[in-house]
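Sharing a structure, written as structure tokens. Questions coming.
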Amino acid sequence: MSVLVSPSILAADFAELGAELRRVDAAGADMIHVDIMDGHFVPNLTIGPAVIKALRPHTAKPFDVHLMISPVDLFIPAFAEAGADIITVHPEAGPHLHRSLQLIKSLGKRAGVALNPATPAEVVREVIDLADLVLVMSVNPGFGGQKFIQSQLQKIRTLRGIIDGSGREIILEVDGGVNADTAPGVIAAGATALVAGSAVFTGAPEDYAENIAVLRQKAVGAK
Ligand code: DX5
Ligand code: ZN
């Protein structure tokens, strides 16, 4: 299976998000990564379900929605309704991770678990039967353009083992500081999806296809 590339629109031009979405779609994105921040769980604010709903007609690619909000459960139905395809939550964002994942699945969506750099991989083992995606944060969540934290490579390897042991088809996605330099290590460690904000939305819109292609090539070379 080739690696999935999920551009993070956090690095897009917010004044023309619809056009940016159409551009990365045409440029070869497999999914669209949407970062939702509440200024409480993380020290930054972004967008809510209304913007996702407005963006939905601009692409048919899956919306990979990363919720960095707490408490999270209250808002999950609104994101499902707005057009999210994968909804990913952090274990620290609510009192009952298992219940949050059950809720996402009950709404007919794919469920993801996001692990902060300090959160152990083992959390995933207990909810593996509900997980469709595991997101390894290779920066502390809240901002784009941060430096990749190398210690997360070991966690990716550990999660590769947990996922393989489950026999389930689960996307292992890495988010934060992913670029042409860090992608090979991430893929070699066992990731199957790359989130990239600044590495995709750099240069002119005509460059996006090349930016995505470079990530994909680096990934293929690393296997
Ligand atoms: C950070 C977000 C990331 C961010 C990645 O909290 O979860 O998705 O947009 O940005 P880059 O690729 O620039 O590190
Ligand atoms: Zn993210």
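Coordinate-derived values only; no laboratory data. Only a predicted model underlies this, so the values are computations on that prediction, with no experimental measurement involved. Heads up, the Cβs are rebuilt from the backbone with ideal geometry, glycines too, and the neighbour counts pull from every protein chain shown.
Please report the spacing between the Cα centers of the range 168-223 and the range 97-146 in Å, no decimals.
19
Pairs of Cα atoms under 8 Å, at least six residues apart: use those to get the relative contact order of the chain, whole percent. Let's see the in-between values first.
On the way: 456 pairs, mean separation 46.4, N = 223.
About 21 percent, as a whole number.
Also: Taking 0.36 nm per intervening residue step and subtracting the Cα-Cα distance, what contour gain separates Ala60 from Glu92 on full extension? Walk me through the numbers on the way to the answer.
On the way: separation 32, 0.36 × 32 = 11.52 nm, distance 3.10 nm.
Answer, rounded to one decimal: 8.4 nm.
Taking 7 Å along the Cα-to-C-beta vector as the label spot, tell me the Asp13-Ala180 distance in nanometres, rounded to one decimal.
2.3
Ok, one more. Residue farthest toward the positive end of the dipole of the range 1-156, with Cβ of Lys/Arg at +1 and Asp/Glu at -1: which of Ala26, Gly83, Val51?
About the Cα centre, the residue reaching furthest to the positive side is Ala26.
Continuing with this model, one more query. Can you compute the helix-only [θ] at 222 nm over the chain? Use -39500 (n - 2.57) per DSSP H run of at least 4 residues, normalise by all residues, nearest 500 deg cm²/dmol.
Numbers: 7 runs with 70 residues, N = 223.
Using -39500 (n - 2.57) per qualifying helix, the result is -9000 deg cm²/dmol.
Sticking with this structure for a sec: Name the long-range amide H neighbours of Ser8: under 5 Å, sequence gap of 5 or more, or other chain; modelled H, no Pro or chain starts.
HN-HN under 5 Å from Ser8: His33, Ala196, Gly197.
Something else about it: Taking the dipole about the Cα centre of the chain, with the C-beta of Lys and Arg at +1 and of Asp and Glu at -1, give me whichever of Ala114, Ile128, Ala196 is farthest to the positive side.
Ranked along the dipole, the leading option is Ile128.
How large is the charge dipole for the range 1-134, taken about the Cα centre, if only the Cβ atoms of Lys, Arg (+1) and Asp, Glu (-1) carry charge, to the nearest 20 debye? Could the numbers behind the result be given before it?
On the way: 10 positive and 16 negative charges, 57 e Å.
Using Cβ point charges on Lys, Arg, Asp and Glu, the range 1-134 gives about 280 debye.
Give me the extension gain from Phe143 to Arg168: residue separation times 0.36 nm, minus the current Cα-Cα distance, reported in nm with one decimal. All intermediate terms of the calculation are to be shown ahead of the outcome.
On the way: separation 25, 0.36 × 25 = 9.00 nm, distance 3.13 nm.
Here the segment from Phe143 to Arg168 would lengthen by 5.9 nm.
Go through 101-112, 59-70 and give me the packing order, highest mean Cβ count within 10 Å leading. Present the calculation step by step, with values, prior to reporting the outcome.
Details: 101-112: 18.1, 59-70: 21.5.
The most tightly packed comes first, giving 59-70, 101-112.
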